[in-house]
Amino acid sequence: MDERKRILFVEDDPILLELLEATLADMASEWDMGFVSNAEAALEAFAVRPYDIVVADLWMPGMDGAQLLQKILVRYPATVRFVLSGCDDRKLAASVVDRAHQFLSKPCDPAFLKSVLRRTFVLGSEVHSNHAKELVARIGRLPSVPDIYHQINRLMGSERATLDDLGAAIGKDMAMTAMILKLANSAFFSLRQTVSTPGEAVSILGIDLLKSLVLAHGLFSQAGGFRFPTFSLAHLWRHSVAVAAGTKQIAESQGLGRSAAAEYFTAGLLHDVGILVLASRFPDEYAKVIETSRRTGTDLETAEFHVLGSTHGEVGGYLLGLWGLPPAVVQAASLHHQPSRQGEAVFSPTVAVHIADALLSQDPEHEIFSTATLDERYLATLGLTSRIPAWRANLSIDLAGMGELF
Ligand SMILES: [Fe+2]
Ligand SMILES: [Fe+2]
């Protein structure tokens, strides 16, 4: 039987379709690729045998890409759904955002397209993510990556964009702007100057850091305010921000510069995105997770595995991978409770998030979400033992007022 991974491309422009076929021809030994020119033909191809990935254009005569992805979502939830969209598809793109795992913009660089598809297959083939995949498939409509995040990415890719353009893109969303200004002026960043516009925030904090705040805030805003006896959405937000700050502090104490530390911050901010998704999409089951964790004295991941068959680490890592976050950020979400499972034994965002998460667990505010124990044995193999007392002493994070945002 043909074991190759299957990808279907749906594009009504015959020249683009031919171009895709030609540029990807060298992948034919690894991938079984189909190329069709409309949504109806795509569904017929799926009916013969479902595909692992579908890459669909948005504007198509007859059934458009949004309708096609909706049908695929319902009938074949395990398929990973990509949208290939042009710049003028903004409105349509916004309507489909919760049905697609990732957006690729046209024209798509062939090397980039290949790397995205390859990464998706790697994500899907990891044994431990099988349960996570099933669980994500059950979610159906995914929380979507906010439109401003895509806009910032586009602006960062354009040579003409200025800091003001980036600030203006953020400034269009008032709730987002309020969160950023509040955070920038809180004790949290201990900046010496007052930040009064998103443009200033970009220049002072750096765009990479702001980009991750935009993404996290967008994801949290869609979660619909859940509340369990032991935690609420606001509580999880405070925990995520605290771990982000702690992870960044640890990275800086290891001598990392601003841009590397920003990636650590992102990893910390998104490390428990799996809890966000599971708690908001499966509230009844998640209430059981919390109850099991309290009754048996086990941590959340153990209780999640028992009740849901997967963990927030697996689900979070899988989703962040599908959304195209950097591999180090994906790994930190997947493995922050078991850092020793990372491949190479080095200091990494996974290790730093684990440390921040575990050290914060002594604070009752963070206890419920945190890694129960610090893996001191693994830290010893990384030569980090002598650093622990200083991290423990210095990890103080002042988040007064941050929870009111949700
Ligand atoms: Fe966690
Ligand atoms: Fe955590």
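Coordinate-derived values only; no laboratory data. Note that this is a predicted model, so its numbers are computed, not measured. Every residue, glycine among them, receives a Cβ derived from its backbone with ideal geometry; neighbour counts consider all protein chains shown.
Exposure proxy shown here: for Thr247, Thr381, the number of other Cβ atoms within 10 Å sets the order, fewest to most, as Thr381, Thr247. When only Cα pairs below 8 angstrom with a gap of at least 6 residues are kept, the chain shows a relative contact order of 13 percent. Sorting the segments 49-62, 23-36, 360-373 by their residues' average number of neighbouring beta-carbon atoms within 10 angstrom, most packed first, yields 49-62, 360-373, 23-36.
Divided by 2.2 N^0.38 Å, where N counts the residues, the Cα radius of gyration of region 189-239 comes to 1.43. When each of Val351, Val74 is scored by the number of other beta-carbon atoms lying within 10 Å, the sequence from fewest to most is Val74, Val351.
So, with +1 on the Cβ of K and R and -1 on the Cβ of D and E, and no other charges, what is the size of the charge dipole of the chain about its Cα centre, to the nearest 20 debye? Write out the running numbers ahead of the final one.
Details: 35 positive and 47 negative charges, 141 e Å.
Charge dipole of the chain: 680 debye, to the nearest 20.
Here the peptides 141-154, 316-329, 8-21 are ranked by packing, the mean other Cβ count within 10 Å, and the order with the highest first is 316-329, 141-154, 8-21.
Relative to the longest principal axis of the Cα atoms of the chain, the long axis of helix 174-185 lies at roughly 30 degrees.
Sorted fewest first by neighbouring Cβ atoms within 10 angstrom, Glu291, Glu3 come out as Glu3, Glu291. Computed from the Cβ-Cβ distance with R0 of 56 Å, the FRET efficiency linking Asp363 to Gln70 stands at 0.80. Put +1 on the Cβ of each Lys and Arg and -1 on the Cβ of each Asp and Glu in region 147-405; which of Ser293, Gly157, Ser232 then has its Cα farthest toward the positive end of the dipole? So the residue we want is Gly157. Could you work out how far helix 14-23 tilts from the main Cα principal axis of the chain, as a 0 to 90 degree angle to the nearest 10? Its long axis makes an angle of about 60 degrees.
Principal-axis analysis of the Cα atoms of the chain puts helix 207-221 at an angle of about 80° to the longest axis. On the basis of the beta-carbon distance and an R0 of 22 Å, Thr373 and Arg192 show a calculated FRET efficiency of 0.05. Each of Leu382 and Arg258 was given a label point 7 Å from its Cα along the Cα-to-Cβ line. The distance between the two points is 2.5 nm. Rounded, prolate or oblate: which fits region 5-125 when a ≥ b ≥ c are the square roots of the eigenvalues of the alpha-carbon gyration tensor, with rounded for a/c under 1.5 and prolate only if a/b beats b/c? In terms of gyration-tensor shape, rounded. Bridgeable lysines around Lys172 (alpha carbons under 18 Å apart, same-chain partners fewer than 8 residues away excluded): Lys91, Lys182, Lys211. If one computes the Cα centroid of region 36-88 and of region 154-221, what distance in Å separates the two points? About 34 Å separates the Cα centre of region 36-88 from the one of region 154-221.
Using 0.36 nm per residue and subtracting the Cα-Cα separation, the extra length available between Glu291 and Phe226 on full extension is 21.8 nm.
A viscosity of 1.306 mPa s and a temperature of 10 °C, combined with the Kirkwood radius over Cα pairs in Stokes-Einstein, give a translational diffusion coefficient for the chain of 72 µm²/s.
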